[in-house]
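The values are calculated or read from the model by the stated rules, or taken from the named source; none is laboratory data. All figures in this text were calculated on a predicted structure; none of them were measured in a lab. Heads up, the Cβs are rebuilt from the backbone with ideal geometry, glycines too, and the neighbour counts pull from every protein chain shown. Keep in mind that these areas ignore ligands, DNA and RNA; they rest on the heavy atoms of the full protein, side chains included. Shrake-Rupley method; radii C 1.70, N 1.55, O 1.52, S 1.80 Å.
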Amino acid sequence: MRWSAVIPVFNEADYLPATLASLIAQDEPVRIIVVDNGSTDGCIDAARQQAQAAGADILFLDEPTPGQVHALRRGIDAVETEFVAVCDADTVYPPHYLKRAGELFDAGGPGRVMLGAWLKPDDGDPDHAMRARRHRLTAAAVWPRQNHTSGAAQLFRTEALRRAGGYDPARWPYVLKDHELAHRVLKLGQQAYDPDLWCVSSSRRDDRRGVRWTLFERLMYHFTPNAAKDWFFYRFLAGRFAARGQRDTVLRQRSWDKQG
């Protein structure tokens, strides 16, 4: 088995069953690691029943410290495979997802340390999907050493992820940890995007209140030279996020649930 999939979970009863079903159905064998980050809606008990019914290899872990960054760190610590896919509990992965990712890692050799999948909209509109794919692949071609996808769609060579320091709440306790982590991992090698590497994320994520960065900050990210990216994250962006209260835990205050 070459793959592990780590899923941080906080109250995802409506979405987690579909995510797990999609990972259980992968063409490539995978060790699924579910990290409960304090759920109270019964989703973890339901997931255990789903795993038992499917005969799936799922490891359930608990991480009491609130925040995805803590749950992800706990899950990555338990990975024993060559590759690891970071997954979200409201995202569906096509059966070929890990198989295609393995092919891309093999084609790139040891210097390919990371992959990014593009997010296919869940509205079923082929034109919308085509635009989403073109946007992500074009951005990845223009800025090959930057992140262009969600943390739900990142895949890593495990050794490189650990060498880069992995998810580190002491270093980056804020939102957009996917971009900061990619910054560190890509110091060790290259990444790839591919038209056939995609997943479907819930449309509830269209509402990004409380977790977005400004247009100015996005432009700074794209146009700050790679040699100055440490300054961008740890001096420039960290201070702005801290002032706005945009720590990782704001992801638990989800605006799509009731009134947020």
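A few comments on the model shown:
- Within the range 84-106, the set of residues being farther than 20 Å from residue 68 by Cα, touching a residue at least 12 places away in the same chain (Cβ under 8 Å) and outside any loop (DSSP other than H, G, I, E, B) comprises 97, 98, 99, 100, 101, 102, 104, 105.
- Test for residue 41: is it over 18 Å from the mean Cα position of the chain (by Cα) and not in a helix (DSSP H, G or I): yes
- Taking every residue in the range 238-252 that is closer than 14 Å to residue 178 by Cβ and of a type in the set (S, T, N, Q) and pairing it with any residue that is open to solvent by 60 Å² or more (accessible area, probe 1.4 Å) and assigned to a loop (DSSP other than H, G, I, E, B), at least 6 positions away or on another chain, yields no pair with a Cβ-Cβ distance below 7 Å.
- The set of residues from the range 12-68 being out of contact with any strand residue (DSSP E or B) (no Cβ under 9 Å at 6 or more places or on another chain), farther than 29 Å from residue 174 by Cα and of a type in the set (A, V, I, L, M, F, W, C) comprises 25, 46, 53, 54.
- Filter result for residue 148 (closer than 19 Å to residue 225 by Cβ and either touching a Gly at 6+ places or on another chain (Cβ under 6 Å) or not in a helix (DSSP H, G or I) (or both)): yes
- Each residue in the range 152-173 was checked for being open to solvent by 10 Å² or more (accessible area, probe 1.4 Å), within 16 Å of the chain's Cα centre (by Cα) and over 16 Å from residue 113 (Cβ atoms), and 3 of them qualify.
- Residue that is most open to solvent (accessible area, probe 1.4 Å) [pool: residues in the range 174-198 that are more than 16 Å from residue 108 (Cβ to Cβ) and among the aliphatic types (A, V, I, L, M)]: 176
For every residue, the table says whether it meets (1) in contact with a helix residue (DSSP H, G or I) (Cβ under 7 Å, 6 or more places away or on another chain); (2) among the small types (Gly, Ala, Ser); (3) at positive phi.
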site	(1), (2), (3)
84	yes, no, no
92	yes, no, no
95	no, no, no
101	no, yes, no
110	no, no, no
115	yes, no, no
118	yes, no, no
121	yes, no, no
124	no, yes, yes
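- Of all residues in the range 149-169, those that are without any contact (Cβ under 8 Å) to a residue 60 or more places away in the chain have Cβ atoms under 7 Å from Cβ atoms of residues that are assigned to a strand (DSSP E or B) and aliphatic (A, V, I, L, M), 6 or more apart or on another chain, in 149/119; 160/113.
- Complete set of residues in the range 1-38 that are part of a strand (DSSP E or B), under 12 Å from residue 83 (Cβ atoms) and out of contact with any Lys or Arg (no Cβ under 6 Å at 6 or more places or on another chain): 3, 5, 6, 30, 31
- Search result, residues across the range 176-205 that are hydrophobic (A, V, I, L, M, F, W, C) and part of a helix (DSSP H, G or I): 181, 182, 185
- Scan the range 107-125 for residues that are under 21 Å from residue 8 (Cβ atoms) and not in a strand (DSSP E or B) and the total you get is 2.
- Within the option set 162, 145, 134, being closer than 20 Å to residue 6 by Cα and not acidic (Asp, Glu) holds for one residue only, 162.
- Some residue of the range 199-210 being modelled with pLDDT under 95 and buried (at least 18 other Cβ atoms within 10 Å of the Cβ): yes
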